1. Conditions: (1) over 20 Å from the mean Cα position of the chain (by Cα); (2) surrounded by fewer than 19 Cβ atoms within 10 Å (Cβ to Cβ); (3) not in a loop (DSSP other than H, G, I, E, B). Residue 15 meets all but one. Number of the miss?
2. For residue 216, state whether it is modelled with pLDDT under 95, away from the ligand (no atom under 13 Å from the Cβ), in a loop (DSSP other than H, G, I, E, B) and in contact with a helix residue (DSSP H, G or I) (Cβ under 9 Å, 6 or more places away or on another chain).
3. For region 223-258, which residues satisfy the criterion of being modelled with pLDDT under 95 and either within 13 Å of the ligand (Cβ to nearest atom) or surrounded by fewer than 15 Cβ atoms within 10 Å (Cβ to Cβ) (or both)?
4. I'd like to check which helices (runs of 4 or more DSSP H) are fully inside region 111-199 and have at least 2 residues that are within 13 Å of the ligand (Cβ to nearest atom) and touching a strand residue (DSSP E or B) at 6+ places or on another chain (Cβ under 7 Å).
5. Which numbered condition trips up residue 39, out of (1) touching a strand residue (DSSP E or B) at 6+ places or on another chain (Cβ under 9 Å); (2) farther than 21 Å from residue 25 by Cβ?
6. In region 284-319, how many residues are assigned to a helix (DSSP H, G or I), more than 14 Å from the ligand (Cβ to nearest atom) and surrounded by fewer than 16 Cβ atoms within 10 Å (Cβ to Cβ)?
7. For the condition at pLDDT 95 or above, surrounded by 10 or more Cβ atoms within 10 Å (Cβ to Cβ) and either within 15 Å of the ligand (Cβ to nearest atom) or in a loop (DSSP other than H, G, I, E, B) (or both), what is the one hit in 322, 333?
Ligand SMILES: NC(=O)c1ccc[n+]([C@@H]2O[C@H](COP(=O)([O-])OP(=O)(O)OC[C@H]3O[C@@H](n4cnc5c(N)ncnc54)[C@H](OP(=O)(O)O)[C@@H]3O)[C@@H](O)[C@H]2O)c1
């Protein structure tokens, strides 16, 4: 049983870690609080990969003698030479007395090794305070190690009869301004957006990110278009953006492929026929360290993610509108053979944006 003070310090560290939500990827969000004689003496958080870790920031943020201090850090301190030096060496050198951390680091280079090194040097180590929050705020980072693929969220704007577009393809706008603004903040926290060529042809989207708070710095997500035969119109708005990847098959016409490359797009040609493979794409994203990915697509692509069990989370902005049965549904999937074979999600959160409701759902078996 930890004291209220210890819990408060770790909660503060979790809060600090959140400041890196838009920038740390592929690194995790980490926050750190240092206390001595029952008082907080310093704080720090990790801002971006390659930059100082949260522990170093907290150490640099104080002139005080840290011997005998207690360190609260959300993730196990690292014990290896990566982009920066090991944090455990720093804590040992500073003669801290106790280290609380929320969760072990899933990275095998660190996992358990950081804690062991500290203990070998006589530092008391306590694991598990605010563990759930720490894993939740790093769900993409944990997914990469646990499932060898990014955390996938399907973001959908829907009517209450589950329609995402009119029969003629029109879908702008189903949800209201507040919902769309919330969706933009989820976009900004994503390393990549995936869409389908159907959406590109119908909507000609730009997938820009607009945040209400202009002071928030974020990394613009890379855009992946699933387009087996390279049907994306050459004058599509999206092609004017940076970091656009067209994912096609070996059957895509070479002339189109060269045209897109000349426009500055990256083309990922999968060595398969017919349709882009999501499994191969997941391998690619995993290897390239994309931790968190948002799918913003139509019926077909959404259905493929659900059908392959690749949707960790659904973010459904539901507007109180009825489109009728000729509208396009959220997912194109094969009809299950029995009612007990339906895909199951659990409701994590519901938020209200004006008249819209946003449901955050998790795949039942996929709790982080
Ligand atoms: N309300 C919303 O949240 C929302 C969001 C986005 C779009 N939309 C609407 O959705 C409609 C478009 O729906 P859609 O189903 O035509 O488009 P989509 O799902 O965006 O794209 C479908 C296309 O993606 C390609 N694709 C490549 N690999 C795939 C794979 N593994 N699985 C599935 N598809 C793959 C297929 O074309 P190839 O076989 O040629 O590769 C397929 O026809 C539009 O009306 C748009 O306005 C609504």
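1. (1) is the only condition that residue 15 fails.
2. Yes, satisfied.
3. Within region 223-258, 240, 242 qualify.
4. Helices (runs of 4 or more DSSP H) meeting the threshold: 177-188.
5. Exception for residue 39: condition (1).
6. 1
7. 322
The values are calculated or read from the model by the stated rules, or taken from the named source; none is laboratory data. Not measured: the values here are computed from a predicted model. Glycine gets a Cβ as well: all are built from the backbone with ideal geometry, and neighbour counts include every protein chain shown.
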